[in-house]
There are 2 protein chains.
Amino acid sequence: MAETYSIGVDLGGTNLRVAAYEGGREFLETIVLPTRLNLGRDQVVRDMCDAVRALGARDFGHRRLAGIAVGSPGPLELPAGILRNLPNFPGWDGFNLKSAIATGLGCDIVLENDANLAAFAEQRLGAGTKYGVSDLCVITLGTGVGNGLVLNGKIWDGANGMAGEAGHMVVQAEERSRCGCGGYGCLEQYASATAVIRMARESLGDAVSTAHEVAMLARSGSELARNIFDTAGRALAIALTGLINTLNLPLYLLGGGVCEAWDLLSCPMFRELERRSYVYRLTKPEVLEPIHLLEGKTYVLKAELGALAGLLGACVAGLEARLPPATLGKEILGHQ
Amino acid sequence: MAETYSIGVDLGGTNLRVAAYEGGREFLETIVLPTRLNLGRDQVVRDMCDAVRALGARDFGHRRLAGIAVGSPGPLELPAGILRNLPNFPGWDGFNLKSAIATGLGCDIVLENDANLAAFAEQRLGAGTKYGVSDLCVITLGTGVGNGLVLNGKIWDGANGMAGEAGHMVVQAEERSRCGCGGYGCLEQYASATAVIRMARESLGDAVSTAHEVAMLARSGSELARNIFDTAGRALAIALTGLINTLNLPLYLLGGGVCEAWDLLSCPMFRELERRSYVYRLTKPEVLEPIHLLEGKTYVLKAELGALAGLLGACVAGLEARLPPATLGKEILGHQ
């Protein structure tokens, strides 16, 4: 049997990343383009399809294309592939992205939520492989708070693709200001980079513009800055209490820019988690950063893969898609 | 092939229920005993084994015993079968209930958390079957708040049997009084029958002694009593927001004594759920009490099975256990 490769796409609000992939943590080749949202969704899909075709036309040692998978921000209705109300994609609400791409390429594709693909990558290539775990939850503290669940080695999409929105678990019932999702008191309002910056501006003034700067201030002794990571860590612990007490997974991974302040975030988080979650208290490991995981324990660790986790996850999903080779071969490789 | 039956056990704090079962929602025969906790755990296990043997010695039309399953209050370490800190079972912490019963009976048994078995029964015999759903979550508002998850038609035990503790999701971060689990601000502190009675005594005085009485007061016009179900309903909505936004299941079922006040509980719950959960807003059905479920919608309904759901679940789990017939036949049926 010929060796295979896949093409993965990560559709971000700023960049469109397309990669050819045959396994491991590296790509065969990548194309990075700006996401030209100002030119409309059809142009963005055309740009994406052009980049996929460009990679499909390359000769990766005669490997056969196993599949193409695209990661998109959610909420996303699956399996249909319809986008719902993406905050940074005006005019895309109700757009059937999956069929638009499939039509553009002339072949079936896999479409998934980008945060779910990042979790999938962690399971297949990151902490999941390292520790031999097939069930895990990833929470990514970036501009927003992303989340993905992998159960029994598979992405948990839920009934219609909207699972994995732990960023919008309620952690502060009394919150009066509104979250981007329309709710109140969501995790994202306390633990995203956006929230860290907002809280810093409220208490420290306008000079601060990144979560990294807030962390630097905290490390250099600012108690106000330190309090912000306390708040973020405690909010995270309240959401984790829900996820641990209901799902009892062996592994919860935290990633994203805010986690670079792990030294500031983790102590208040673990303290609050012990206070809140009796399942965590009963299953807490003695060693928080272990060489291998002990059975029956609950680990909360930093994610292994960085900002490209979503793209890697798309690539792995493409590799495992195993679409009919004739379709892909003819349509992608033949019709350039 | 001979027809089969099973024996299910529900180990409660007050009663020990043992039933023979061949399918459907009815039992072939049941034995109900007081749980003699005052005589110690060994006596309770002996009582249980005696009752199982008594049913095993009966002739149910020459049916073959397919398996025995026992439901116990949690937390419960699975698959080992060790009890951890049951609030109403003093002296049982660390007790290997599974091996004690297996030794007592001379055969393998299935041991599960009782709330998980109640959810399993709902999936196999109740709303799951009625609506053709293999993923569901059951929350039971009784003395405590029980919870079970069935994913892909199977009980979700988690890494070591401690999944399904949604009663201890945090719904009120600022709560200062402590939950029975040792945490603060858990769902159980607002939506259990115990919580309803506690809140009623705080606002209405000592005359009230059941959740039913509080409901009667609310229906007869007491605003203070009505506020209590508002609080319970909103707390439930905050926990459901977490469960819906992370798991995106098609069906969430609410059972237990407090749900008899569905007329008082459901309006504030649905109102708060819409306010909090954007996944619910995107997937909310037009008809809240449907004949059949529409795909892609999220339903929150009353559970179909009553107080015997746990025992029914144990019976079904026993029937599906398919343990080696020789073992069971010889040990149970032969050695009376």
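Bear in mind these aren't lab numbers, they're just calculated from the coordinates by the rules spelled out. None of these values were measured; they are calculated from a predicted model. Counting neighbours? That spans all protein chains shown, and the Cβs are built from the backbone with ideal geometry, glycine included.
So the values come out like this:
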{"read-out": "FRET E, pair B:His62, B:Glu260, Förster distance 45 Å, beta-carbon r, rounded to 0.05", "value": "0.60"}
{"read-out": "Hull volume in cubic angstrom per residue (convex hull over the Cα atoms of the range A:156-207)", "value": "92"}
{"read-out": "Shortest-first nm distances, A:Gly182 label point to equivalent points in other copies (7 Å, Cα→Cβ)", "value": "4.0"}
{"read-out": "Rounded to whole Å, sorted largest first: equivalent-ellipsoid semi-axes of the protein assembly as shown, Cα gyration tensor", "value": "44, 31, 24"}
{"read-out": "Helix A:41-56 axis, angle to chain A major axis (alpha carbon atoms, nearest 10°)", "value": "70"}
{"read-out": "Computed lengthening from A:Glu213 to A:Glu174, 0.36 nm per intervening residue step minus Cα-Cα distance", "value": "11.2 nm"}
{"read-out": "Tail weight of P(r) past 14 Å, computed on alpha-carbon pairs of the range B:207-248, percent", "value": "56"}
{"read-out": "Charge sum, other residues only, whose C-beta stays under 15 Å from A:Leu305's C-beta, Lys/Arg counted +1 and Asp/Glu -1", "value": "-1"}
{"read-out": "Cα-Cα over 29 Å, subset of A:Lys130/B:Lys154; A:Lys297/B:Lys154; A:Lys154/A:Lys297; A:Lys297/B:Lys302", "value": "A:Lys297/B:Lys302"}
{"read-out": "Reference-scaled alpha-carbon Rg (2.2 N^0.38 Å with N residues) for chain B", "value": "1.02"}
{"read-out": "Cβ-derived FRET efficiency at R0 25 Å, B:Asn15 paired with B:Asn85, nearest 0.05", "value": "0.70"}
{"read-out": "Normalised convex hull volume, the range A:134-302, alpha-carbon set, Å³ per residue", "value": "118"}
{"read-out": "Exposed-loop-free span, longest in chain B, where GluC sites (Glu not before Pro) count as exposed if DSSP calls them loop and at most 14 other C-beta atoms lie within 10 Å", "value": "B:27-173"}
{"read-out": "Average other protein chain Cβ within 10 Å of Cβ, residues B:172-179", "value": "3"}
{"read-out": "Debye intensity ratio I(q)/I(0), log10, the range A:1-156, q values 0.13, 0.19 Å⁻¹ (C-alpha model)", "value": "-0.62, -1.30"}
{"read-out": "Helix B:223-247 vs. chain B, principal-axis angle (Cα, 0 to 90°, nearest 10)", "value": "70"}
{"read-out": "Cα point-scatterer Debye curve for the range A:225-278, base-10 log of I(q)/I(0) at q = 0.13, 0.21, 0.22 Å⁻¹", "value": "-0.29, -0.73, -0.79"}
{"read-out": "Folded to 0 to 90 degrees: helix B:193-204 orientation relative to chain B principal axis, Cα", "value": "30"}
{"read-out": "Set of aspartates and glutamates with alpha-carbon distance to B:Lys284 below 12 Å, sequence-local pairs under 8 removed", "value": "B:Glu274, B:Glu295"}
{"read-out": "CD proxy at 222 nm, helix term only [per DSSP H run n ≥ 4: -39500 (n - 2.57); per residue of chain B; nearest 500]", "value": "-11500 deg cm²/dmol"}
